[in-house]
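All remarks here apply to the structure that follows.
The values are calculated or read from the model by the stated rules, or taken from the named source; none is laboratory data. On a predicted model such as this, the values are computed, not experimentally measured, just so you know. Ideal geometry is used to build each Cβ from the backbone, glycine not excepted, and the neighbour counts take in all protein chains shown.
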Amino acid sequence: MSETTKSGKVHASPASAKNERPARGSKAAKAGTKQTPQKGTGPKGTKQPGAGTEPSKVYFTDMRCKIGTSLLDKMDKLMLAAGMERINFQNAFVAIKIHFGEPGNLAFLRPNFAKTVADRVKKLGGMPFLTDANTLYVGRRNNALLHMDAAYENGFTPFSTGCHVVIADGLKGADEVEVPIEGGVHLKTAKIGRAIMDADVFISLNHFKGHELTGFGGAIKNIGMGSGSRAGKMIMHNNGKPRVAHDKCVGCRTCARYCNQDAITFNEEKKASINHELCVGCGRCIATCNFDAIDTPWSGSSDDVNIRMVEYAKAVLDGRPNFHISVVNHVSPNCDCHGENDAAIIPDIGIFASFDPVALDKACIDAVNAAPVIPGTVLGDRMGNQPEAKGESACGCAGHAGHAGHAGHTGRHDHFHVVHPSTNWRSQIEHAEALGLGSGTYELVTIK
């Protein structure tokens, strides 16, 4: 059974425009390039988001499970109802983009969700693999060896998920493809992990949560920021100028050997320095330093990062079939990149799926903003001076169903802004719509 709730203005659904791929061995496949449809059309002339009169469809199932039916059964049913089987998976390499979670963090998605997606892909004839790109910051996922150890430690093994883990940008985060960004405003190309760009089909499996820099982390962030190589992440986060921590530098000169701009020099104490007038922000020095002595100043504003991240997401998705699933559970206030997680700020909501990553993110935003606040959390503490009326959630909302499609939460209604006041999540949605990545308006279809 399905229950349909319409939301906001109307735009064309990208479902039909995103569900085909060039046949293996075609001219595009042999050339190693993507077939990019003309602006406003998709394969066989289907309309792109924003070009028609129908809203994008987002499918939803809640966390309630009857005896004999697991949440994973409901997830599989949701994917089929959303039309995932319309993608031609036969003999296709399928990248399932996921965040494996920083060790110590317990809010990341369970491997069981990944296995459900991988199993369905295999049943449809595809060859799935789990993937993520290395991190820019120092941690347990900044090179492929540590990253795979972290993934296995958190349960993402071939035995538990039914498919292998491939780190998209290689051993040191430098194995990348420079991909054109059609219609890019701030950027013209994106540096994407090679394994992600080599895939025939792209699926994002997202843990929806808050984020201290972008306001929220959902499909767009998982796709854009998560698929960027280490150099790509630096471009998204700031102006691309790394710095050296002299207390960590051992003077090995490895970074200088890999710098094509001769921007790195050494003082009398054999400590490296980077000339920012010569530096082009490629990030190679960060990738080659084995002592974590080179990092980046996190100088980009929330809007700057969101806009660049959206443009990276467009580079990843353009010209090939893609599908997106977001699990709204354990909604922690911060990113799963942290080696810890604070308490969930709202109750678990459910699972959403769509061919449109923008509509998907907006549906999740609306659902979270409509949810009651859990007392004793960072969100509850910050709203503690605003007493609840009887029968009303702490944010003053009537509830999930009452808020489907509500546009522009402000003040107490915006849980994300309350938790991170310096962020502006709307810039993600607005720029994504402007680029034609998807639509912020949607039709919510509930799957029982």
Subset of region 99-114 [surrounded by 21 or more Cβ atoms within 10 Å (Cβ to Cβ) and charged (D, E, K, R)]: GLU102
Condition broken by LYS122, with the remaining ones in (1) more than 22 Å from GLY193 (Cβ to Cβ); (2) buried (at least 16 other Cβ atoms within 10 Å of the Cβ); (3) not small (Gly, Ala, Ser) satisfied: (2)
Enumeration of residues in region 165-185 that are out of contact with any Ser or Thr (no Cβ under 9 Å at 6 or more places or on another chain) and either surrounded by fewer than 16 Cβ atoms within 10 Å (Cβ to Cβ) or assigned to a strand (DSSP E or B) (or both): LEU171, GLY183, VAL185
Options ALA398, ALA371, ALA359, ALA363: the member that is farther than 30 Å from PRO321 by Cβ, of a type in the set (A, V, I, L, M, F, W, C) and at pLDDT 80 or above: ALA371
Within region 255-272, tally of residues that are at pLDDT 95 or above and either exposed (fewer than 14 other Cβ atoms within 10 Å of the Cβ) or of a type in the set (Lys, Arg) (or both): 6
Selection within region 208-246 - in a loop (DSSP other than H, G, I, E, B) and not charged (D, E, K, R): PHE208, LEU213, THR214, GLY218, SER229, ASN238, ASN239, GLY240, PRO242, ALA245, HIS246
Hits in region 140-164 (condition: assigned to a loop (DSSP other than H, G, I, E, B) and either among the polar types (S, T, N, Q) or out of contact with any helix residue (DSSP H, G or I) (no Cβ under 8 Å at 6 or more places or on another chain) (or both)): ASN142, ASN143, ASN154, THR157
Exclusive hit being outside the structural domain of GLY215 (by TED's automatic domain parsing), aliphatic (A, V, I, L, M) and in contact with a His (Cβ under 9 Å, 6 or more places away or on another chain), set ALA344, ALA263, ALA353, ALA256: ALA263
Pairs with Cβ under 7 Å, 6+ apart, first in region 306-335 and among the aromatic types (Phe, Trp, Tyr), second not in a helix (DSSP H, G or I): TYR312/ALA190; TYR312/GLY228; PHE323/ILE87; PHE323/ILE203; PHE323/PHE355
Failed criterion for ALA343 (all others in (1) part of a loop (DSSP other than H, G, I, E, B); (2) crowded, with 18+ Cβ neighbours inside 10 Å; (3) of a type outside the set (Phe, Trp, Tyr) hold): (2)
Pair list, Cβ under 7 Å, 6 or more apart: region 147-171 residue in contact (Cβ under 8 Å) with a residue 60 or more places away in the chain, other residue loosely packed, with under 15 Cβ neighbours inside 10 Å and outside any loop (DSSP other than H, G, I, E, B): none
